[in-house]
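The values are calculated or read from the model by the stated rules, or taken from the named source; none is laboratory data. All of these numbers come straight from a predicted model, not from anything done at the bench. Quick reminder, even Gly has a Cβ in these numbers, built from the backbone with ideal geometry, and neighbours come from all protein chains shown.
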Amino acid sequence: MDTLGSLHVTMFNSCTVTHRAGGQEWVISDQDNSSRKMWLLLEYLLWNHGKPVPRDALLDLLWGDESAADPANSLKGLLFRVRAMFGKDGLGFENPKQVILYQNGSYFFNENITIELDTEAFEQHYRAAESMLDHHDTCLGHMLEALALYRGDFLPQNSGNRWITPLNVYYHSRFLKLCTDAVDLMREDGRHEEIIQLCRHAIAIEPYDENLHRSLISALAATGSMHSAMQHYNYTTELFMNQFGVTPSAEMTALYRELSKAIQSQEQDLQSVREDLQETDFQRGPYFCGYATFKEVYHLSARSAARSGEVVQLAMLTVQSLSGAPLPKPQIHAAMSRLRDTLSSTLRLGDVITQFSPTQYLIMLPSASYENAKKAISRLMSKFQQAHPRPSFGVQYSLLPLLPVMNTVIP
């Protein structure tokens, strides 16, 4: 080769190295090689390109407090393998020994190779956006450029390394800040479709940021996609309940009320309203819903009971450890999933169910006396035990009648 060309490196989501020279292109990725230590060495040298890295720093990076028989020779062996990745069968260099050089006890990349990192470009756009806050369009442009570069966490294959962990946190926090700031700027311009795209991209990377979910729901509502907005609200509340055992926050509940009012205020003909009200994903069995919806159904049932005298029973099912010790999270998730399957196949079409906590379901049983409700729950428990004869957990239940609305004048 007449020129050593350039290396284009991505470190977000995975490490990929692309060598471009003479109109040709060669690519290697950490997805293609199981040697994490070898890739950790390459990643650290790439991250520190443009300056020499002392051998002792590499020994500490790779082995630290580990007891290695001969770390110096082990390092030489790793470097030999890393250099081999730059050969004709890898990144296409004719003389891979001239890529990573050694001098005065330090290793460094050949200065005749241009090296570009996505992390550096991300940082440049982030700082440019911060310096252009008074220039709306330019600032937003830099934000979107930075967000497009962030495809996932920083070097996730070696995320447990003490060098990578703080950088992972650093970039992740900057990513979330850029998302929030970019959404605010786009909202000012009414660019709701772009907000939807951005939030979906960001949620795929960070699924547990409530602010992103609220922004997506608001943007869907702003485009008139009320059904999609409500669907995502229900998805989000269920996600946070399953993962963290938390009910919707005050902000999320307020957003739900706004959605409900907006849906009700839309002027449509009756046939369109009926079609919108129709349950599109109907499945036989009881009705599962989020806690906010369950609460509204409860209020409606309490009003109806005050007028008609209908008896409604409220049941709570609680998953518990047989030993009395707290159940681990994966076991809780599996138990609740199995219990939900039994609920779906056992209870009636008009029964209403919500997950109230990580280990509890609430059930509303309309038109049921205490005796009949107890029989229904006992039948459910028996069916559950038949399906899972040797569970590592138990299910306890309690049963109370729904309280009708009091102090209400019924004409």
Does residue 95 fit the bill of being more than 34 Å from the chain's Cα centre (by Cα) and surrounded by fewer than 18 Cβ atoms within 10 Å (Cβ to Cβ)? yes
Among the residues of segment 284-301, is there at least one that is of a type in the set (Asp, Glu), part of a loop (DSSP other than H, G, I, E, B) and at pLDDT below 90? no
Test each condition in (1) among the aliphatic types (A, V, I, L, M); (2) over 26 Å from residue 26 (Cα atoms); (3) in contact (Cβ under 8 Å) with a residue 60 or more places away in the chain for residue 57 and report the one that comes out false. (3)
Residue within segment 8-27 that is under 16 Å from residue 164 (Cβ atoms), part of a loop (DSSP other than H, G, I, E, B) and hydroxyl-bearing (Ser, Thr, Tyr) present: yes
Quick one: count up the residues across segment 378-397 that are touching a residue at least 60 places away in the same chain (Cβ under 8 Å), over 18 Å from residue 315 (Cα atoms) and of a type in the set (Gly, Ala, Ser). 1
Name the residues in segment 302-333 that are β-branched (Val, Ile, Thr) and part of a helix (DSSP H, G or I), would you? 332
Condition first: in contact with a Lys or Arg (Cβ under 8 Å, 6 or more places away or on another chain) and either at pLDDT 90 or above or among the hydrophobic types (A, V, I, L, M, F, W, C) (or both). Now tell me which residues in segment 377-404 satisfy that. 384, 387, 399
Got a number for residues in segment 343-354 being in a strand (DSSP E or B) and either surrounded by fewer than 18 Cβ atoms within 10 Å (Cβ to Cβ) or out of contact with any Leu (no Cβ under 8 Å at 6 or more places or on another chain) (or both)? 1
By residue number, the members of segment 234-250 that are in contact with a helix residue (DSSP H, G or I) (Cβ under 6 Å, 6 or more places away or on another chain), in contact (Cβ under 8 Å) with a residue 12 or more places away in the chain and over 14 Å from residue 213 (Cα atoms) are 247
Looking at segment 176-197, which of the residues that are acidic (Asp, Glu) and in a helix (DSSP H, G or I) is surrounded by the fewest Cβ atoms within 10 Å (Cβ to Cβ)? 188
For segment 359-397, how many residues meet the condition of being farther than 19 Å from residue 338 by Cα and more than 32 Å from the chain's Cα centre (by Cα)? 11
